[in-house]
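First the structure, in the form of structure tokens, and then the observations on it.
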Amino acid sequence: MSLLKSVATVGGYTMISRVLGFLRDILMATVLGAGPVADAFFVAFRIPNMFRRLVAEGAFSAAFVPMFARKLEAEGKPLALEFAGYSLSILVGFLLIFSALFMIFMPFMMQFLAPGFTVDGDKFNLAVEFTRITFPYLIAMAIVALLGGVLTAFYKFAAMAAAPILLNIILITCLLAAMGQSDRETGTLLSWGVAAAGVAQVIFLVIACARQDIKIKVGRPRLNKDVKRLLKLMLPGALGAGVMQINILVGTIIASFLATGSISYLYYADRVYQLPLGVIGIAVGTALLPLLSRQIRAGEEETAIGSLNRAIELSLLLTLPAAAALMVIPSQITLVLFQHGEFTVAASEATAAALFAFSSGLPAYVLVKILAPAFFAREDTTTPVIVGVIAMAANVVLSLLLIQEFSHVGIAIATSLSSWLNAAILLFLLVRRGHYHSDKRLIRRSLGMILSSAIMGAGLWFAADLLHPQFSNDLASRITALASIIAGGAAVYAITALLTGAASLSDLKNMLRRRADR
């Protein structure tokens with residue numbers, strides 16, 4: 001397995017999913033705008049999504065993949081799959097009870113999850129109704145996370161990376177079907193679409209596993225030694241692996257006290273910067289975890305450190321220009337993507353301001369996704385949780401301080417600052433424990449990346465100013481202008497990255513050929 005090849009597989013499918021996600025969000029902005037129904041749906045969508053990333057994907061994957069990979073290598077495929085079956089039984093059993101209780105007591109829980117919504121008001125009642133419909137998505141995603149983790153341990157990344165595409169296809173279909181209906185009817189249909197997408201992804205992953213001759217038997221839950229070890233690792237990982245999701249939830253809670261539309265502005269801005277985060281950060285982190293797990297188990301510490309350096313190098317090569325672009329032309333991006341139908345000029349400008357703030361933390365978000373596997377691969381999920389708590393506390397304090405002056409943008413600023421704190425502490429601890437040291441190549445190339453990104457940013461600024469009149473014309477002219485700016489910026493960055501030594505064509509070719517076990 002080549003690290004770059006694996007990243008390209010995950011990133012490629014993630015790119016398709018995120019592009020479809022943009023189409024979904026453009027339709028959503030056109031149909032629902034940034035009104036009370038949109039706020040209610042985003043709360044309903046975000047709550048099970050947050051628990052999914054904390055429990056099903058975040059904590060579970062961080063604990064399960066290294067354990068499964070170790071058992072697969074040491075004890076063979078049959079015993080590893082038996083462990084997977086026991087793990088799935090426990091996880092699904094717990095989430096069935098958790099989801100049932102959460103749905104029953106949803107009106108009570110909503111007072112804490114969106115305390116700014118007036119109890120028994122229209123927005124509050126809609127949020128309760130929509131969340132009850134979407135919440136079973138969590139159970140489906142638990143199954144998807146385990147099946148995807150098993151495939152990941154076999155270095156089969158494509159199916160898990162492609163599964164979210166189904167969610168976007170189904171929601172786009174729902175939005176098209178809802179054209180002409182009331183906002184409430186649209187919100188209800190979208191909520192049912194989320195639940196249906198969960199079932200569709202489970203079926204897709206089951207078929208993918210069958211094609212790889214991976215058969216997982218699910219029986220009565222059993223707390224054997226391996227499952228107890230898994231749960232022990234999951235408990236702290238539930239917070240450590242998903243601290244960014246908790247930060248987003250904290251932002252949603254605080255934003256519920258602000259003017260109507262604030263939650264929607266943050267949601268749309270979040271969706272834009274999540275594109276490079278998903279394509280780069282999540283892709284690299286997903287490919288890196290099983291690689292580090294096997295290298296560390298084999299006692300190849302220096303090789304593992306080298307893999308971590310190359311992962312950081314690859315991520316920064318793509319993340320730094322993305323962050324620069326999102327910070328230089330946020331208004332043009334939100335205008336083209338969202339300023340249609342019910343989404344007003346004021347809503348577009350408010351979203352652009354949040355996007356600028358979120359994007360300043362993009363390199364930190366990606367670094368956290370890469371540094372955390374260095375702990376998880378050593379079956380250390382406790383350290384990230386401690387760091388996560390510190391970052392989360394900083395996020396809450398900063399959000400409360402900054403909203404006084406910057407309203408919803410203050411929440412985005414706080415999220416970025418707390419993510420930088422998270423990344424800095426994780427890096428410091430890895431260095432202090434002797435699990436990481438940057439090499440000369442990374443330092444040299446990082447400086448070249450920063451310089452290249454700055455040059456590209458300046459070029460984007462002048463290009464946006466030059467093409468400013470085009471953004472006042474029809475949609476086709478706006479799209480053409482934005483595409484031209486982005487294409488020109490990418491070309492400038494590629495050329496300057498090669499000239500400054502930030503990237504090397506020969507190294508990229510070698511990485512494609514290099515095997516993980518060499």
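Values computed for the structure shown
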| quantity | calculated |
| --- | --- |
| Furthest towards positive pole of dipole, Ala140, Gly180, Val250, structure part the stretch 140-299, Cβ charges | Ala140 |
| Segment Ala100-Ser506, length gained on full extension (0.36 nm per residue, minus Cα span) | 140.7 nm |
| DSSP H segments from the chain that extend 30 Å or more along their own axis, Cα-based, with Kyte-Doolittle mean of -0.5 or above | 3-32, 77-104, 183-211, 301-328, 382-406, 408-432, 440-466, 475-500 |
| Peptides ranked, highest mean first, by Cβ atoms within 10 Å: ranges 70-77, 308-315 | 308-315, 70-77 |
| Carbon + sulfur, % of accessible area of the chain - ligands and nucleic acids excluded, 1.4 Å | 67 percent |
| Residue list for the stretch 133-149, given a label point 7 angstrom along the Cα-to-Cβ vector of Gln181 and an amide N cut-off under 16 Å | 133-134 |
| Proximal lysines to Lys228, defined as alpha-carbon separation beneath 18 angstrom and excluding residues fewer than eight positions away on the same chain | Lys71 |
| Rel. contact order, % - alpha carbon contacts under 8 angstrom, at least six apart, the chain | 23 percent |
| Packing-based order for 444-450, 257-263, using average beta carbon neighbours within 10 Å, highest first | 257-263, 444-450 |
| Shape category assigned to the chain from the gyration tensor of Cα positions, a/c cut at 1.5 | oblate |
| Extension gain (nm, one decimal) between Thr173 and Glu349, 0.36 nm per residue minus Cα-Cα | 60.6 nm |
| Glu405 versus Leu498: modelled label distance in nm, points set 7 Å from Cα along the beta carbon direction | 4.4 nm |
| Reach of Lys369 by Cα under 23 Å, taken over lysines that are not fewer than 8 positions away in the same chain | Lys5, Lys156, Lys232, Lys440 |
| Global geometry of the stretch 174-226, whether rounded, prolate or oblate, following the gyration tensor of its Cα atoms and the 1.5 cut on a/c | oblate |
| Peptides ranked, highest mean first, by Cβ atoms within 10 Å: ranges 273-280, 188-195 | 273-280, 188-195 |
| Cα-Cα pairs of the stretch 25-128 separated by more than 16 Å (percent) | 68 percent |
| Projected label distance in nm at Ala259 and Ala483, using a 7 Å step from Cα toward the beta-carbon | 3.5 nm |
| Accessible area in square angstrom per residue, the chain, 1.4 angstrom probe | 40 Å² |
| Value at 222 nm in deg cm²/dmol, rounded to 500, when DSSP H runs of n ≥ 4 in the chain each add -39,500 (n - 2.57) | -27000 deg cm²/dmol |
| Dipole moment magnitude, nearest 20 debye, the chain about Cα centre, only Lys, Arg, Asp, Glu C-beta charged | 2020 debye |
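The values are calculated or read from the model by the stated rules, or taken from the named source; none is laboratory data. Keep in mind the model is a prediction, meaning the values are calculated, not measured. Every residue, glycine as well, gets a Cβ built from its backbone with ideal geometry; the counts of neighbours run over all protein chains shown. Protein only, heavy atoms only, side chains kept; ligands, DNA and RNA dropped before computing areas. Shrake-Rupley method; radii C 1.70, N 1.55, O 1.52, S 1.80 Å.
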